[in-house]
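K.L.:
Pasting a structure below so you can have a look.
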Amino acid sequence: ESTGLVKHFGGGGLLSSPTIVRAVDGVSMAVKRGETFAIVGESGCGKSTLGRLLLRLIEPTAGDVRYEGRSILGLPPNEMRKLRREMQIIFQDPFGSLNPRMNVRDIVGEPIWLHGLAHGAEKQERVADLLRTVGLIPAHGERYPHEFSGGQRQRIGIARALAGEPKLIIGDEPVSALDVSIQAQIINLLEHLKDRFGLTLVIIAHDLAVIRHMSDRVAVMYLGEIVELSDTDDLFDDPLHPYTQALLTAIPVPSPVNRQPKPLLQGDVPSPAAPPSGCRFHTRCPHAKARCREEHPRLEAAADGRQVACHFWREIQNAGSGALTAPP
Ligand code: SF4
Ligand code: MG
């Protein structure tokens, strides 16, 4: 759970007025135990920064992160270390996070040793179990990361994340570097592990298609802010925010005649160092009006526990201009 979470990166020590990058700006959200919560948006929207803030891998500029009711920000190192075991992260490119000089047995066994969970033969048995759990074989333990394919390396990264017996796993674009067929395998594996171990999953993705079938709820981020928060089915059936509508329109339709995804959005994401005034999406929004340039929309409650940050979401919804309904 996060309240008013803010992360500003100060840069440019040589400049007289250093650039402040508002990577995450006032994000409040609560992940429920046992759910799969997705955070989506184009790259540069602050998703990864948010993921790291939730695990306190980086410290926020302001705001709070609570885990099981208590703030984790003030925790002393020894208590934080215990918590780290419960909260694991897996990355887009597991290769970058797997030590190339360690064999797989040591990579997966390290957290077991680090947290004193098992020793000797018992530890080796656990490593073998973990490898089987993620669809590898124990003999793979003798090999090194470079000997595996991308999908297998992600399985190794997942086995390592599981080794500390976590309750929460954050996946930062866990399948975006993989072929589509392999993506489905890894997603299926994560869903299976979630059920088997009662995990809570937070999946960070730029691709809505990836999270559609696995996530319970979705937070859509744009330039460091959550612009829509919703149950996954509601979000796909009836996206409320123009940015969500644009993201959904960009999902390619799987048909032989229509291979090309429609253009995502006009222009690039503006720099988070100089976000647009008012609604940050106004420079790219087809519904923008004068008010949007001046007034910053707050995240407000909509039906079914949904939240949306747009001055005109009701009007847009009534006009039936959702991403999936073509205007007459
Ligand atoms: Fe578009 Fe205005 Fe809504 Fe922002 S507030 S999403 S610019 S209509
Ligand atoms: Mg990222």
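Rule-based calculations on the coordinates, nothing more; no lab input. Just so you know, these numbers come straight off a predicted model, no measurement behind them. Using ideal geometry, Cβ is built from the backbone for each residue, glycine included, and neighbour counts are taken over all protein chains shown.
K.L.:
Compare I170, I316, I204 in a GNM of the chain, Cα atoms joined below 10 Å, and give the one with the largest fluctuation.
P.N.:
It is I316.
K.L.:
Further question on the same structure: How do M29, M221 rank when sorted from fewest to most other Cβ atoms within 10 Å of their own Cβ?
P.N.:
Values: M29 19, M221 23.
Ordered by Cβ neighbours within 10 Å, fewest first: M29, M221.
K.L.:
Which lysines have a Cα less than 16 Å from the Cα of K7, not counting those fewer than 8 places away in the same chain?
P.N.:
Once the sequence-local lysines are set aside, what remains near K7 is K47.
K.L.:
Right, here's the next one. Go through 154-165, 266-277 and give me the packing order, highest mean Cβ count within 10 Å leading. Mind showing how you got there, number by number?
P.N.:
Details: 154-165: 24.1, 266-277: 14.5.
Packing proxy ranking, top to bottom: 154-165, 266-277.
K.L.:
Please give me, ordered by residue number, the trypsin sites (Lys or Arg not before Pro) of region 25-63 that lie in loop per DSSP and have at most 13 other Cβ atoms within 10 Å. Please report the intermediate quantities before stating the final value.
P.N.:
Details: sites: K32, R33, K47, R52, R56; in loops: K32, R33, R56.
Of the trypsin sites (Lys or Arg not before Pro), the ones in loops of region 25-63 whose Cβ has at most 13 other Cβ atoms within 10 Å are K32, R33.
K.L.:
When the Karplus curve 6.51 cos²θ - 1.76 cosθ + 1.60 is applied with θ = phi - 60°, which whole-Hz ³J(HN,Hα) does each residue of region 23-29 get, with x for Gly and Pro?
P.N.:
Once θ is set to phi - 60°, the couplings for region 23-29 become 5, 9, 10, x, 8, 10, 7 Hz.
K.L.:
Amide H to amide H, which residues 5 or more places from I203 or on other chains are under 5 Å from it, using H placed in the peptide plane?
P.N.:
Residues meeting the criterion, in which the H sits 1.01 Å from N, are F37, A38, I39, G171.
K.L.:
List the aspartates and glutamates whose alpha-carbon lies under 13 Å from that of K167, not counting same-chain residues fewer than 8 positions away?
P.N.:
List returned: E35, E68, E86, D195.
K.L.:
Work out the length of the dipole vector of region 130-254 about its Cα centre, built from +1 on the beta-carbon of each Lys and Arg and -1 on the beta-carbon of each Asp and Glu, and round it to the nearest 20 debye. Don't jump to the answer; show the numbers that get you there.
P.N.:
Details: 10 positive and 17 negative charges, 148 e Å.
My answer is approximately 720 debye.
K.L.:
So, one more: Name the long-range amide H neighbours of R143: under 5 Å, sequence gap of 5 or more, or other chain; modelled H, no Pro or chain starts.
P.N.:
Counting only residues 5 or more places away or on other chains, the set is V104, R105.
K.L.:
Angle, helix 77-86 long axis vs. longest principal axis of the chain, Cα atoms, 0 to 90°, nearest 10?
P.N.:
Roughly 90 degrees, rounded to the nearest 10.
K.L.:
May I ask you to sort E79, E1, E228 by Cβ crowding, counting other Cβ atoms within 10 Å and putting the fewest first? Numbers along the way, then the final one.
P.N.:
Working: E79 12, E1 16, E228 28.
Final ranking by Cβ density, sparse to dense: E79, E1, E228.
K.L.:
Under the Karplus relation 6.51 cos²θ - 1.76 cosθ + 1.60, θ = phi - 60°, what is the ordered set of whole-Hz ³J(HN,Hα) values for region 195-201, x standing for Gly and Pro?
P.N.:
So the Karplus estimates, Gly and Pro as x, are 5, 5, 9, x, 7, 9, 10 Hz.
K.L.:
For I89, list long-range residues whose amide hydrogen, built 1.01 Å from N in the peptide plane, is under 5 Å from its own amide hydrogen.
P.N.:
I170
K.L.:
Convert each backbone phi in region 105-112 into a coupling constant with the Karplus relation 6.51 cos²θ - 1.76 cosθ + 1.60 (shift: θ = phi - 60°), then list the ³J(HN,Hα) values in order as whole Hz, x for Gly and Pro.
P.N.:
Values per residue, Gly and Pro as x: 4, 6, 4, 6, x, 4, x, 5 Hz.
K.L.:
In addition: For the chain, what is the relative contact order in percent, using Cα pairs closer than 8 Å and at least 6 residues apart in sequence?
P.N.:
Relative CO of the chain lands at 20 percent.
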